[in-house]
1. Past 26 Å, Cα to Cα, is the threshold; run LYS26/LYS82; LYS29/LYS58; LYS26/LYS88; LYS29/LYS82; LYS27/LYS132 against it and keep the listed order.
2. Taking the Cα centre of region 49-125 as origin, sum charge times position over the Cβ atoms of Lys and Arg (+1) and Asp and Glu (-1), and report the length of that vector in debye to the nearest 20.
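Derivation of every value follows stated rules applied to the coordinates shown; laboratory data play no part. Since this is a predicted model, take the numbers as computed values, not measurements. Note: ideal-geometry Cβ built from the backbone for every residue, glycine included; neighbour counts use all protein chains shown.
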Amino acid sequence: MGSSNAAAMAVDTDTNKRAHTEGVVKKRKPLRPSTSRADIYVTRDHRKFNSYMRRARKLLVERNYPSVTIHGLGAAIQTAIKLAAAVKASLGDQVIMDTNTHTVTLYDDVVPQDESADITTQTRQNSAIQIKMSLPSAVRSQIFAKTPR
């Protein structure tokens, strides 16, 4: 019985593989829903981490935004999580975080080596994360009571 399950699993994994394509795969940029100034899309480039951090803190504390949403896709998920943790720690652990994970469908164009063939499109799935960060109303009122206008 154990060997039949292993054989069934092998068949399932073979059907989930992407088909081999002849040509050059050009990855399209991911589609984004309409964004606001409170959305921060992070990349896996760690050199931008401090600017992401400054922007999140500025939006929450100085600009009085009710919430900031950090978005990470694929390899940038780890950077998004680190950023959210760093922002929370820098604000004295007084940030409310709501985390959602989901799967995004990405599209790639396959340009064939044979010029007479048509360009085709293939899809792939990638993990994504959204971390919504907000300050409790009591903390927000304390911050803005101290801020001169």
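1. LYS26/LYS82; LYS29/LYS58; LYS26/LYS88; LYS27/LYS132
2. Dipole about the Cα centre, nearest 20: 840 debye.
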